[in-house]
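In what follows, a single structure is set out as structure tokens and then discussed.
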Amino acid sequence: MTVLNGLVPEGELKALGVTRLFTPRKRAAITLAGLGKTQAESARLLHLQPTTLASSILSLAKELKCASRVSAVVHAAYSHPDFPLPQQEGPAPKQDLDEYTSMMLTAHTEGVTVTRLSKTTGIGMAQLAIFNRQLYHQLGAHNPPHAVRLAWRAGWLTRASDDTAVEVR
């Protein structure tokens, strides 16, 4: 977990070191993705080949029974009752999600591509790109996995009372 030193709050780092869910490398990979690191950046930090990291993400997706897109894996990990949630750092976003940014966040949590979302909703790709930029701006996110982590941190995504379902507020 030393790769995460200085990148996550101390309490979160400690919780990541204590949980036995996944290997330490997989926990670090999930967390790095959630921090907005690219696959190449994460692989370099973990001293792995990018293909090895990609295989690890696919393995996690199978273990978590979710889509293989990294944002879905990050979301599924945070949804698991044994995976530590990101700790709140600084003030949470002041605005709640509107219908369209909520739709984009849900798509990211489910691993739905913008192309597929456009086909299923009938909303054009250009308009979805605007909604996605709004979501990123509202959260200060760089990419879909980062948006998912920040939404969890902001309390926009929560574990339901039965610890298996997830609610989007």
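The values are calculated or read from the model by the stated rules, or taken from the named source; none is laboratory data. Keep in mind it's a predicted model, so treat the numbers as computed, not measured. We place every Cβ from the backbone using ideal geometry, glycine too, and count neighbours over all the protein chains shown. Calculation scope for accessible area: heavy atoms of the full protein, side chains included, ligands and nucleic acids excluded. Shrake-Rupley method; radii C 1.70, N 1.55, O 1.52, S 1.80 Å.
Side notes on the structure shown:
- Per-residue accessible area (protein heavy atoms, 1.4 Å probe) orders Arg27, Arg159 as Arg159, Arg27, starting from the largest.
- The chain: most fluctuating residue of Lys119, Lys14, Lys37 per GNM, C-alpha cutoff 10 Å: Lys119
- Under the span-like rule (Cα at least 20 Å along the axis, Kyte-Doolittle mean at least -0.5), DSSP H helices of the chain: 50-64, 125-139
- Among residues other than Gly17 with Cβ under 15 Å from its Cβ, the summed charge is +2 (Lys and Arg +1, Asp and Glu -1).
- The slack between Thr2 and His142, meaning 0.36 nm per residue of separation minus the straight C-alpha distance, is 48.1 nm.
- Neighbourhood charge, 14 Å Cβ-Cβ cut-off, centred on Leu46 and excluding it, Lys, Arg +1 and Asp, Glu -1: +4
- Total formal charge among the other residues, if their Cβ is under 11 angstrom from that of Ala141, Lys/Arg +1 and Asp/Glu -1: +3
- Sequence of Ile130, Ile30 when ordered by accessible area, the most exposed leading, probe 1.4 angstrom: Ile130, Ile30
- With a cut-off of 11 Å on the backbone N, the residues of the stretch 129-158 near the modelled label site 7 Å out from Glu41 along Cα-Cβ are 142-143, 146.
- Restricting attention to the stretch 1-125, lysine pairs at least eight places apart or on different chains and with alpha-carbon atoms under 20 angstrom apart total 4.
- Residues Met125, Met104, Met1, ordered by accessible area of protein heavy atoms at a 1.4 angstrom probe radius and largest first, appear as Met125, Met1, Met104.
- The gain in end-to-end length when the Arg116 to Ala15 segment is fully stretched comes to 32.8 nm, 0.36 nm per residue minus the alpha carbon separation.
- The stretch 51-126 shape via C-alpha gyration tensor axes, a/c threshold 1.5: oblate
- For the chain, alpha-carbon Rg and Dmax in angstrom: 15.4, 45
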